[in-house]
Structures are given as C-alpha cells and as structure tokens.
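Scroll down for the structure; my scribbles are underneath it.
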Amino acid sequence: MVIQHRGQESAGISVFDGTTIGTVKGNGLVEVALPKDELVKLGGHEGIGHVRYSTTGSKSVVNAQPFTVTTAFGMVAVAHNGDITNFSTLKEKYMKDGWVFQTDSDSELVTKLLGKYLTQYDDPVKAIRATMGEIDGAYALTIMINDRLFAVRDPYGLRPLCLGRLDGGYIAVSESAAIDVLRGELIRDIAPGEICEVRKDTFKIYPAPGKHPKSHCMFEWVYFARPDSIIDGVGVYEVRRRIGVILAQECPADVDLVMPVPDSGRAHAIGYAAEAGIPYEEGFMKNRFANRTFIMPDQKQRENAVSMKMNPIKSTVAGKKILIVDDSIVRGTTLKKLVSMLKSAGAKEVHVRVGSPPIIAPCYYGVDMKTRDQFIAASHTVEEIREIIGADSLAYISIPGLIKAIGIGENDLCLACLTGKYPTNIPGEVHRFQSTLSHDF
Ligand code: AMP
Ligand code: SF4
C-alpha cells in the first residue's frame, strides 16, 4: 500500500508455502484487489508483491502480476516494473517457436524466458543472467523460484530498486519509503545489472558483468516517487526542494505569494518560496478522493476532472500576484485549468514555474508518456504554451539546472523524454551513447 502511487490498476502477491507458490491478484487498489479473507489462505515466509501501472498490455486482470509458471526446476513467480523495449521482437520470435501467450504483457515474456532458461541450466542465477541477456530496456524484477528470492535491476538502473532489513529478514522494493513505513532499515540500492539473492538471514550479490553507462530515470525524483524515498542514494524531497531553489534563481518573478499545485508541486514550491524570500501559501484545496485525471481517455473528461479535483481558496488568491509551481507539464491540461480557476477567483496575475524541463519525447521505459502528439512542448514554444495556458509568465527549469538539483552526473541519468536521446537502442529514435550495452550476461 505504501507504494500504491506506483500503480493503481491491479495488485497481486505470491507466497511460497514450503511446497508450492500460491497467488492472489485482482484489479483495483491493494485493499480491493487483495481481500483479507483471500490473503489468510497464503501461508509462508517468502513472497513477492506487485502494484500495476500499465504501459505495455491492457488493463485486463489477466495482466495483473505476479506472473507464475511451473517448470521442470519448480515454480517461478515474477513481478516486474518497467518496459521491455524488444518485447515485440522477442514475442514474435518465440511465437514462431510455438510458444503461446495468455496476456499482452511484456512481464509474461520475462517469466516464460526464465522458465526456459531454468530448464536449460538448472541454475537460477544462470537462468536470470540468460534472461537478462535477451531482454532490453527497463526492468526492476522480484523473482521467486521455489523458496529462493531474487531482486534484479536492469543494467541501466532505469527503474529504482533497493534492499532493506526487516524483522530479521530482508526486503527488496522499488522505494525506500516502504522499508521505512514497515520500520525496517534501508541497506542500499540494488546496483544496475546486479542480481541480489535474499536469503533467510543474509543476502548475496551477483554483480553485473562488465561496465555499463547508468541511466537513472530523472522523472522518479521530479514526479513519480514518494518524496520520503531515497533513490540511488539521493533523497526525493531534497531534489524537489533544490529544483525549486534553482527555478527561483533561473526564473525569478515579482509576485506576492508562491503556491504549489498539490500534491505534486509542493516540495518544488517550498524550495522556490524559500529561495525567493516570497511567502508560501496553500491556495488550492485538493479533493483527496478524486480519481486520477492524467489517465482519463478524453480531453474534456480530463479538464472536468481537474476542476472537480482542485478548488482555489478565494481569500488567499483574490487581488494577488501569484506564482504556482508544478512538477511537470505534459499536455498542459492541469495548468490551463488551474490558471483560469485562479483568475476567476480574482487573482491579479498568475505566473507558472515548472520543475521539469519541457517534455518532448516518449518514454519507452515504464512511465505513461507514450506518444509525441501528447506533449504540448513538442509542437509549441514556451511563449505559445504560456498563451495557451493563459499565464502571465511561464518558465521551466533548465536541463543543467535539473541535473544539478538531482546531483548525479548527466551521463548517469536518463533524460530521454527531455532530449529525445535514448540510453538504449530504440528503433527510429536517436541513441544517446556511441556504444551499445554489452549483453554479456
Ligand atoms: P498535464 O495536465 O497533461 O500537463 O499533466 C501534468 C500533470 O500530470 C502534472 O501535474 C503532473 O504531476 C502529472 N503527471 C505528469 N506525468 C504524469 C504521468 N506520466 N502519469 C501521471 N501523472 C503525470
Ligand atoms: Fe524517465 Fe523520461 Fe527516461 Fe522515461 S524517458 S525513463 S520518464 S527520464
């Protein structure tokens, strides 16, 4: 539940009971998908869980994870975060070999590949390496092979994965906030390309063979992860606050108060206000129970949903020059609506600052920003966007400013949705690095 923000479509859990792996999964939030009376039927000391946010594959419950297969070696369960970029090619190849697929999810392919290599090698680590040698793209995996548990991170480190100590055992999870909430202790991030085997009272690391350029997703710090998580050694809240500080330095404004777009722009706005020495106010009331607007299928629905979700506090905004800070602009729906709501509530001026540089290119690595025509910044200048959203001024943080705020070197970050240059080979897209990754697993 602590990482529910990473996926709300479905949830699942697989547990090894000493003989077999039992799985419960369903559509919806964790509480609905995993009813308590079903969970009590799962006994055991090792398990993996998943919350799904679909990018590849439909929202049908058949795509809910973990996926399981039974092999000659035993039972396998897999939970996957990320997108496998060569999924279609591999699926086609294996279908020609006679494989059948029950879902349209890339994670099913990963599970089946593991099954194939387990049968071939009779050795889980060799089977995982062989699977890693075939798949490309973004993956943070937790894998259970009978009673053995593994956490695996793709060689670029695109999606986060960390290891913690909990109740005398171990936990591997996408975000450290989950370890904190369970009152465990963060040990460290799983390094790109590493396989970590979690045992009852110890863990064993199988390091990545060879050296690879890392490529941590910048959007985890900007938007996706919880502010109380630490990803690859860098605190998410601190990055967001620094983004605000740098935004204030790069794009100052003469305003009476700074306001966040709740909740995604809050830490950025706090940083901006502190650096600029301008009062910080909460000027929007957000309905905590409203549905997610971003994923709604049609533009009118998304706009209506923003008005249902947010309401300005008139006494705070009327007659004031206001600066609002959000983490990102994708289509521009949220900010267009919010600026007009603030003006209707009597704001004298509304200035907008954005905590990510313009998003102009699709993500192939597990964040739901898939098509170029979705991005307002792909076809409009900043001035045109300012006009469309009706703001008095609009400015984004610069790419160097963002890199500085994250504090990880440019070559170790994925910035592809900002630059259109991809850290992995994507047909039809520009490849950022000269050399391709070795698939020497
Ligand atoms: P838009 O309204 O289309 O400009 O989307 C930007 C808003 O959606 C911002 O408030 C973000 O916090 C949020 N957002 C940005 N990217 C995503 C994403 N991939 N999935 C869900 N929400 C997002
Ligand atoms: Fe993250 Fe953007 Fe790279 Fe996708 S393309 S992994 S959202 S930085």
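With the cut-off at under 13 Å, measuring from each backbone N in segment 233-272 to a point 7 Å along the Cα-to-Cβ line of Ala290 picks out 261-264. In the elastic network of the chain, a GNM with C-alpha springs shorter than 10 Å, the most mobile of Val350, Val181, Val339 is Val181.
The calculated Kirkwood hydrodynamic radius for segment 4-215 is 17.2 Å, given to one decimal from all distinct C-alpha pairs. On the basis of the beta-carbon distance and an R0 of 35 Å, Ser344 and Asn27 show a calculated FRET efficiency of 0.40. Taken over segment 234-422, the ratio of Cα radius of gyration to 2.2 N^0.38 Å equals 0.98. With all protein chains kept in place, the per residue accessible area of segment 4-215 amounts to 42 square angstrom at a probe of 1.4 angstrom.
Which one of Tyr139, Tyr280, Tyr365 has the biggest mean-square fluctuation once the chain is modelled by GNM with Cα springs under 10 Å? Of Tyr139, Tyr280, Tyr365, the Gaussian network model singles out Tyr280 as fluctuating most. A 1.4 Å probe run over segment 234-422, with the rest of the protein chains in place, finds 41 Å² accessible per residue.
Let me know the shape class of segment 129-187, please: from the alpha-carbon gyration tensor, a ≥ b ≥ c as square roots of the eigenvalues, rounded when a/c is under 1.5, otherwise prolate if a/b is greater than b/c, or oblate. Judged from the Cα gyration tensor, segment 129-187 comes out oblate (a/c at least 1.5, b/c at or above a/b). Which of rounded, prolate, oblate describes segment 27-116, given a ≥ b ≥ c as roots of the alpha-carbon gyration tensor eigenvalues and a/c under 1.5 marking rounded, otherwise prolate only if a/b is larger than b/c? Since a/c reaches 1.5 but b/c is at least a/b, the shape of segment 27-116 is classed as oblate.
When the surface is traced with a 1.4 Å probe over the full set of protein chains, Phe67 keeps roughly 20 Å² accessible. Pairs with C-alpha atoms separated by more than 24 Å, drawn from the list Lys25/Lys112; Lys337/Lys421; Lys25/Lys59, are Lys337/Lys421.
Pairs of alpha-carbon atoms within less than 8 angstrom and 6+ residues apart define the contacts here; what relative contact order does segment 234-422 have, in percent? Reported relative contact order: 22 percent. In the chain, taking the dipole from charged Cβ atoms about the Cα centre, the farthest positive-side position among Tyr156, Ile171, Asn311 is held by Asn311. So the label point goes 7 Å from the Cα of Lys404 along Cα→C-beta, right? Which residues of segment 205-243 then have their backbone N under 14 Å from it? Only 242-243 fall inside the zone, counting backbone N under 14 Å. Using 0.36 nm per residue and subtracting the Cα-Cα separation, the extra length available between Lys421 and Lys93 on full extension is 115.3 nm.
The lysines within cross-link reach of Lys343, meaning a Cα-to-Cα straight distance under 18 Å and a gap of 8 or more places when in the same chain, are Lys286, Lys309, Lys314, Lys320, Lys321. Taking amide H positions as modeled 1.01 Å from N, with prolines and chain starts lacking one, the residues under 5 Å from Glu46 and 5 or more places away or on another chain are Phe16. Calculated FRET efficiency, Ala191 to Glu384, Cβ-Cβ distance, R0 = 30 Å: about 0.10 to the nearest 0.05. Judged by the mean number of other Cβ atoms found within 10 Å, the most tightly packed of the peptides 102-112, 33-43, 305-315 leads the ranking 102-112, 305-315, 33-43. Calculated on the alpha-carbon coordinates, the convex hull of segment 174-328 measures out at 177 cubic angstrom per residue.
Taking the Kirkwood radius as Rh and the Cα radius of gyration as Rg, segment 338-441 has a ratio of Rg/Rh equal to 1.08. Highest-first packing order for the peptide set 192-201, 351-360 is 351-360, 192-201, based on the mean count of other beta carbon atoms within 10 Å.
Here the dipole of segment 4-215 is about 280 debye; that uses its Cα centre as origin and unit charges on the Cβ of Lys and Arg (positive) and Asp and Glu (negative).
Show that you can apply the helix-only estimate: for the chain, add -39,500 (n - 2.57) for every DSSP H stretch of four or more residues, divide by all residues, and state [θ] at 222 nm to the nearest 500. Rounded to the nearest 500, it is -8000 deg cm²/dmol.
Per residue, the convex hull spanned by the alpha carbons of the chain comes to 142 Å³. Expressed as a whole percent, the accessible surface of segment 4-215 that belongs to carbon and sulfur atoms is 52, based on a 1.4 Å probe.
What does the C-alpha gyration tensor say about the overall shape of segment 104-206? Classify as rounded when a/c is under 1.5, otherwise prolate if a/b is larger than b/c, or oblate. It is prolate, given that a/c is not under 1.5 and a/b is the larger ratio. Gly169 sits among other residues whose Cβ lies under 12 Å from its own Cβ, and their net charge, with Lys and Arg +1 and Asp and Glu -1, is -1.
When the solvent-accessible area of segment 234-422 is split by element, carbon and sulfur atoms take up 52 percent of it, the probe being 1.4 Å. Local charge for Glu46 was computed over the other residues whose Cβ lies under 9 Å away, with Lys and Arg +1 and Asp and Glu -1, and equals +1. Using a probe of 1.4 Å on the protein chains alone, the accessible area found for Leu29 is around 80 Å². Taking each residue as 0.36 nm, the span from Gln374 to Met1 lengthens on full extension beyond its C-alpha to C-alpha distance by 131.3 nm.
The values are calculated or read from the model by the stated rules, or taken from the named source; none is laboratory data. Keep in mind that what you see is a predicted model, and the values were worked out from it rather than measured. Note that each Cβ is placed from the backbone with ideal geometry, even for glycine, and that neighbours are counted across all protein chains shown. Note: accessible area is taken over every heavy atom of the protein model, side chains too, but ligands, DNA and RNA are not part of it. Shrake-Rupley method; radii C 1.70, N 1.55, O 1.52, S 1.80 Å.
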